[in-house]
Amino acid sequence: MELNDKITVLKGIGEKRASAYEKLGLKTVGDLLLYPPRTYTDFTSPVPVNEIVPEEQNLVRVRIITKSNAQRIRRGLVLYKAVGEDSTGKLNIVFYNNRFSFDKLEVGMIYRLSGRVNLKNRHFEMNSPEFQSDESAAPVIPRYPLTEGLTAQALMSSVREALDGVGDIPEILPDHIRFEYKLCTLDWAVKNLHFPKDAASVEISRKRLAFDELVTLQCAMKLLRLKRSFDDAPSMGKGDIQTYLSSLPFELTGAQQRCINEILSDMKKSTPMNRLVQGDVGSGKTAVAAAACFTAYENGYQSAFMAPTEILATQHFNTLSSFLTPLGVKVTLLTGSMTTKQKKEVREVIAAGEADVIIGTHSLISDSTSFFRLGLIITDEQHRFGVEQRKVLAQKGEHPHKLVMSATPIPRTLALIMYGDLDISVINEMPRGRQKTETFAVTGKLRERALSYVEKELAAGHQAYIVCPMIEQNPEMEVQSATEYEQMLHNTVIGKYKTALLHGRMSGEQKDSVMTAFKSGEVKVLVSTTVIEVGVDVPNATIIMIESAERFGLSQLHQLRGRVGRGGGHSACILLTDNPTEEVRERLRIMSKTSDGFDIAEEDLKMRGAGDFFGTRQSGLPPFKFAGLSADTRLLSETSAAAQQLFEKSPDLSEYPLLLRRVEAVTETNGEEGMN
């Protein structure tokens, strides 16, 4: 049996069960063997009954002394009850509608039971426990994510058969790397992932498998860099950037100047630039991007600037026009909401080379759009674009230079993984005159006072955002919907001001209509979900109130807060919560005290993990099964060093064919353009 064999080579897996496995992403024997358990039940250290901790998970070892007859509590609910004991006390064991498990317990036999224990009428009661016979108890039992048509027993049986059939799993790392970083063999790691002898074995196994994931990705990044180094990009060494800089009505910060120098240095080379410009909200990324566009223009090339929404595209068009049009640069806008005739006319101008900087949304990648001489591509908030969309735009030029912009500060540890094949420029300095937004964290008891504070800003002629985390009511999460919230506002102190609703389920045309009304001042209060998170610029909006603030990550709260304070005057952010737990208080305290997006991102990574920064598919980041980026910062450093060592010995990885195969699978799955 081979790792690449289809999963149907295993006994009992026909077409129907294979379909269930495929829902879990498991198509081959190798996929199954690298399928991580969600958690484990440790049966190794039972506590005596008299040491049980109520309201927590406990493991006990008891002899079953009685089993009661089934009790029908009400229609559809049957209770099965047994009693177990050890030398220190008795434990009631209860199953609901589960005769199968109840029948497995035999009076007189000793079992190990794991489950949550409640104190009921001064007696300990364990509900629906996992259990094993004491004689045949496996030390640690894995618990896998399952799907309809697939039982835990069937999956474990297939895993055991696969391990027996494959035999020893071949090693992908050289011995010197394993020894230096104290890693177990891959064969041992996979076997102990599924059948560990103790909890320590699980950790040793996971460390090795996480190491493999991260070193594979870092090697993939290095191979992409190597491949791109052979591409011929347009060398842009002509022109004088001072012409652009001296025309600006403000002085650039040192960080902006440094980023521009790094970009221009890349664009002079004959290999394609692949650079990320990372800057906090309001740090001046657009002025930096305009410098790159001006350089492309001076060298006879067009620039394509792709934004995720029409609102942002129009915003960038206005800003770049103000910077570049006085210098003779022809800036053009192309969006989906234009009429067919308008789009045809704009595309003719682009194809004829009569437009120098073309700003747009997905219209830029349509088959109808062709460029005369595309030399530079800029994507704004590029994680919002799919892999294929970015790839199509890049193919409209001959290895154009690429600049990626992000207003979401990313901790260095995460940036190494997400953008390992890009050079990174950071704008870590705010322009002069940018006011800090005052941030207040309050409980729901002060909601009326908070709304009064918002009303004062409205009365002074300003505008406000109010953010709700959901569109519709969800009883489980107990969060007011944005729709209901907007209606509720009509009965408050701000009810006399015109409000509007904005959420992700609206069409692009509807969103644009609402935002246009808000930007013009016609709408005074915008009630919104997180669709306003990135890029929306309304200088007259001076206050934002965020309901259920505990539902958002710190980085997301920081992005939302960045919607105000853009007009130079005083601005405020109110964070409201009806769930003031100690953890929530700490998170909101960080927001109130800290305005640096990079510091906040580091805290967010520690507290919530990497998942909240970007969705995996959109970023092009392969899904991690074993590596937890928030916790594995040391492992990130080690795998970075290990990848460097591997490339120093074999620059094309040809000496490590099994590792190379994995690396190529990563790039094939995610696409070259999807890796950045």
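Any read-out appearing in this document is the output of simple, stated calculations on the displayed coordinates, not a laboratory observation. Remember, it's a predicted structure, so these values are computed and weren't measured experimentally. Here Cβ is always computed from backbone atoms with ideal geometry, including for glycine, and neighbour counts include all displayed protein chains.
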Original post:
Remind me, relative contact order of the chain in percent, using alpha carbon pairs under 8 angstrom and six or more residues apart?
Top reply: 13 percent
**OP:** Kindly identify the chain as rounded, prolate or oblate by the Cα gyration tensor criterion: order the square roots of the eigenvalues as a ≥ b ≥ c, call it rounded if a/c is under 1.5, otherwise compare a/b with b/c, prolate if a/b is larger, else oblate.
**Re:** oblate
Original post:
Counting pairs of alpha carbon atoms under 8 Å apart in space and at least six apart in sequence, what relative contact order in percent does the stretch 44-137 give?
Top reply: 30 percent
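What value, in deg cm²/dmol to 500, does the helix sum -39500 (n - 2.57) over DSSP H runs of n ≥ 4 give at 222 nm once divided by the residues of the chain?
Details: 23 runs with 258 residues, N = 676.
Helices in the chain give a 222 nm mean residue ellipticity of -11500 deg cm²/dmol.
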Original post:
Between the helical axis of 657-670 and the dominant principal axis of the chain, each derived from Cα atoms, what acute angle in degrees is found, rounded to the nearest 10?
Top reply: 60 degrees
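Using the structure shown, select from 238/341; 11/191; 191/227; 23/625; 23/227 the pairs with a Cα to Cα distance greater than 26 angstrom.
Working: 238/341 36 Å; 11/191 19 Å; 191/227 36 Å; 23/625 16 Å; 23/227 34 Å.
Too far apart for the 26 Å limit: 238/341; 191/227; 23/227.
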Original post:
In 10 Å bins starting at 0, how do the alpha-carbon pair distances of the stretch 241-427 split up by percent?
Top reply: 9, 40, 38, 12, 1
Original post:
Taking the Cα centre of the stretch 538-582 as the origin and placing charges on Cβ (Lys, Arg +1; Asp, Glu -1), which of 579, 552, 540 is farthest toward the positive end of the dipole?
Top reply: 540
Subject >> Nearest-ten-degree value, helix 447-459 long axis tilted from longest Cα axis of the chain >> reply: 10 degrees
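Using the Cα gyration tensor of the stretch 438-612, with a ≥ b ≥ c the square roots of its eigenvalues, what is the shape: rounded (a/c below 1.5), prolate (a/b larger than b/c) or oblate (neither)? Mind dumping the intermediate values first?
Details: a/c = 1.39, a/b = 1.33, b/c = 1.05.
Because its axes are fairly even, with a/c under 1.5, the stretch 438-612 counts as rounded.
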Original post:
For residue 586 and residue 109 in the same chain, what is the full-extension length gain: residue separation times 0.36 nm, less their Cα-Cα distance, in nm?
Top reply: 166.8 nm
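Indicate, rounded to the nearest 5 percent, the antiparallel portion of the DSSP beta bridges found entirely in the chain.
Numbers: 37 of 91 bridges.
Bridges in the chain are about 40 percent antiparallel.
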Original post:
Going by alpha carbons, how many degrees (0 to 90, nearest 10) lie between the helix axis of 597-608 and the longest principal axis of the chain?
Top reply: 20 degrees
Original post:
Which order do 79, 403 fall in if you start with the one that has the fewest other Cβ atoms within 10 Å?
Top reply: 79, 403
Original post:
Hey, if you put +1 on the Cβ of every Lys and Arg and -1 on every Asp and Glu Cβ in the chain, which of 256, 157, 109 ends up farthest toward the positive end of that dipole?
Top reply: 109
